[in-house]
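Contents: one structure, followed by commentary.
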Amino acid sequence: MTGTTLINRRGFVALVALAATAPLVASCTAGGGGGGGGGGNDSGATTITVMAGAQDLPKEMIADFEAKNPDVKIKLVLADPARLNTMLASGNPPDIAPGPAVGSANINARGLATDLTPYLEKSTVLKEDDLQSVNDSFRWDGKRSGAGPVYGIIKDWSQDASLWYNTKLFDKAGVPQLSDTEAISYDDLLTAAKKLTTTKDGKTAVHGLGVEWAWSLYGPMSAMVMQQGGQLYNDDLTKIDLTTPEARKAFQWYVDFAKAGVGPTSLNPLADNADYATFSAGRMAISQDGYWFGGNFASGEGLQTIKMAPAPTMGDTRANPTYGGQGWWIPAKSKKADAAWKLMEYYMAGPPAEARASSGWGLPVLKSLMDKLPQKLAWQKDAYATQQNELQFVKTLPDSPYITMESLNTTLDKYLQSAIKGDMSVDEATAAATADINKALAQGKDQIG
């Protein structure tokens with residue numbers, strides 16, 4: 001993999017040794033059915049339907065799994081949220097489905113997922129006590145996430161509020177490099193971004209800071225509120241309040257960021273809605289991304305004047321959560337859960353999991369695989385140390401079962417735009433966003449009961 005390969009936290013390339021040099025492509029039939037070894041089961045083997053990205057479950061990996069588990073065949077259906085919803089609604093879901101841990105509350109409240117705790121208790125390779133605490137977002141106690149049985153397993157994750165920066169651009173601008181252990185404040189981060197931003201012929205030549213605006217607003221704003229000791233939701237997660245001092249301060253920071261012109265927003269987006277290409281070209285000084293971002297540069301080619309820094313703070317409490325934590329879950333109506341679990345064990349604790357960890361494309365969910373993270377390059381050694389220190393600041397984001405992350409992000413963006421353009425004051429925008437989200441929460445509560 002070269003230093004110019006674009007992968008983001010929404011799409012992970014499975015870097016297994018057996019498939020490292022082969023095309024990561026899995027074909028689909030016109031009906032969306034699988035490729036790889038997912039053909040018939042003339043041998044009498046059980047065929048499981050797995051919804052995943054072609055890059056996450058390449059045909060070489062399927063062949064390796066089937067060789068090691070001759071009683072199970074895989075039919076791959078390429079990941080498609082709309083199709084997954086249709087399959088779930090029809091009562092004919094895949095046997096394994098993809099999805100984020102943060103956001104799984106809605107799935108679990110609707111009773112759509114299988115409790116994996118009994119499987120974890122019997123497994124010799126995938127143990128509950130080996131799971132990082134971040135996997136608690138896949139827990140559900142019947143009312144909220146974070147406690148109770150486990151309903152999914154994260155494949156890889158990152159503390160997404162971390163920072164990556166180009167040391168060459170810092171030195172050129174005369175801005176002190178960031179600490180490897182001490183967190184910069186959001187206010188100081190914005191000040192630094194203004195100094196790092198440069199223009200040429202009336203256009204931005206170097207963006208001081210990228211915050212991956214197009215990917216998540218709820219995640220970072222929720223973390224900002226948490227850092228100040230506040231909370232967004234009421235106790236039963238049926239109402240949100242963006243007008244509290246803590247939420248308003250987080251909202252105001254995004255407005256100030258946009259008005260300062262130091263980085264991309266939805267009103268001034270990058271062409272690909274992602275920081276990587278701009279950052280790697282030396283046209284962005286800082287990008288707010290998790291540990292996974294370093295995987296882009298692990299080949300040792302291209303940009304190498306990079307360092308990772310802790311998540312910035314907006315209060316006295318340090319918090320660096322994951323905004324998603326992509327993983328797999330087994331639908332409750334799957335008739336082949338036992339066979340699906342065999343693939344879950346292989347993928348989450350076997351060779352694919354070891355290869356993902358050693359590649360640097362995210363953190364492993366298993367504590368026992370943390371020592372596999374790459375430390376060959378100088379910046380990788382520094383990033384490893386920074387990441388190890390950040391683990392103590394992992395926090396779980398509140399996840400209401402009555403609304404989707406997409407709805408939250410869309411609403412926040414709508415009213416941030418209004419405040420940025422001056423159509424509304426920050427107070428008006430936060431009040432309107434609160435009203436809209438609470439309306440959606442009430443509708444979701446009525447639907448789920």
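Fully extending the segment from residue 427 to residue 338, taken as 0.36 nm per residue of separation minus the present Cα-Cα distance, adds 26.8 nm.
Principal-axis analysis of the Cα atoms of the chain puts helix 81-90 at an angle of about 40° to the longest axis. Please name whichever of 205, 169, 223 sits farthest to the positive end of the charge dipole of the range 114-265, dipole taken about the Cα centre and charges placed at Cβ: Lys and Arg +1, Asp and Glu -1. Ranked along the dipole, the leading option is 205.
What's the ranking of 291-304, 357-370, 172-185 by average number of surrounding C-beta atoms within 10 Å, highest first? Can you show the working numbers first?
Working: 291-304: 20.0, 357-370: 21.6, 172-185: 14.5.
Peptide ranking by packing, descending: 357-370, 291-304, 172-185.
On a straight-distance basis, which lysines could pair with residue 200 in a cross-link, Cα separation under 21 angstrom, same-chain partners fewer than 8 positions away excluded? In chain and number order, the partners are 168, 172, 259. With K and R counted +1 and D and E -1, the other residues having a Cβ less than 12 Å from that of residue 120 yield a net charge of -3.
For the range 238-347, the average shadow cast by the Cα convex hull is 12.1 nm², which is a quarter of the hull's surface. Using the 1.4 Å probe convention, the accessible area of the chain works out to 41 Å² per residue with neighbouring protein chains retained. Measuring from centroid to centroid over Cα atoms, what is the spacing of the range 326-386 and the range 261-277 in Å? Cα centres, the range 326-386 to the range 261-277: 30 Å. With semi-axes defined as the square roots of five times the eigenvalues of the C-alpha gyration tensor, the equivalent ellipsoid of the range 315-439 measures 36, 25, 12 Å, largest first. Once you order the gyration tensor axes a ≥ b ≥ c over the Cα atoms, which shape class does the range 40-136 get: rounded for a/c under 1.5, otherwise prolate or oblate by comparing a/b with b/c? Because a/c hits 1.5 or more and a/b fails to exceed b/c, the range 40-136 counts as oblate. Does anyone have the angle between helix 218-227 and the longest principal axis of the chain? Alpha-carbon axes, 0 to 90°, nearest 10? Helix 218-227 and the main axis of the chain meet at about 60 degrees.
Averaging the sequence gap over all C-alpha pairs within less than 8 Å and six or more residues apart, then dividing by the number of residues, gives the chain a relative contact order of 24 percent. Taking Lys and Arg as +1 and Asp and Glu as -1, the other residues whose beta-carbon sits under 14 Å from that of residue 224 total -1. With N the number of residues in the chain, Rg(Cα) / (2.2 N^0.38 Å) evaluates to 0.98. Electrostatic bookkeeping for residue 151 treats Lys and Arg as +1 and Asp and Glu as -1; over the other residues with beta carbon under 10 Å from its beta carbon, the sum is 0. Between 0 and 90 degrees, the angle of helix 245-260 with respect to the longest Cα principal axis of the chain falls at about 70 degrees.
Cross-link pairs exceeding 19 Å between alpha carbons, from the set 68/342; 307/395; 155/372; 239/439: 307/395.
The accessible area of residue 218, taken with all protein chains in place and a 1.4 Å probe, comes to roughly 10 Å².
The values are calculated or read from the model by the stated rules, or taken from the named source; none is laboratory data. All of these numbers come straight from a predicted model, not from anything done at the bench. Cβ atoms come from the backbone with ideal geometry, glycine included; neighbour counts cover every protein chain shown. All accessible areas refer to the heavy atoms of the entire protein, side chains included, with ligands and DNA or RNA removed. Shrake-Rupley method; radii C 1.70, N 1.55, O 1.52, S 1.80 Å.
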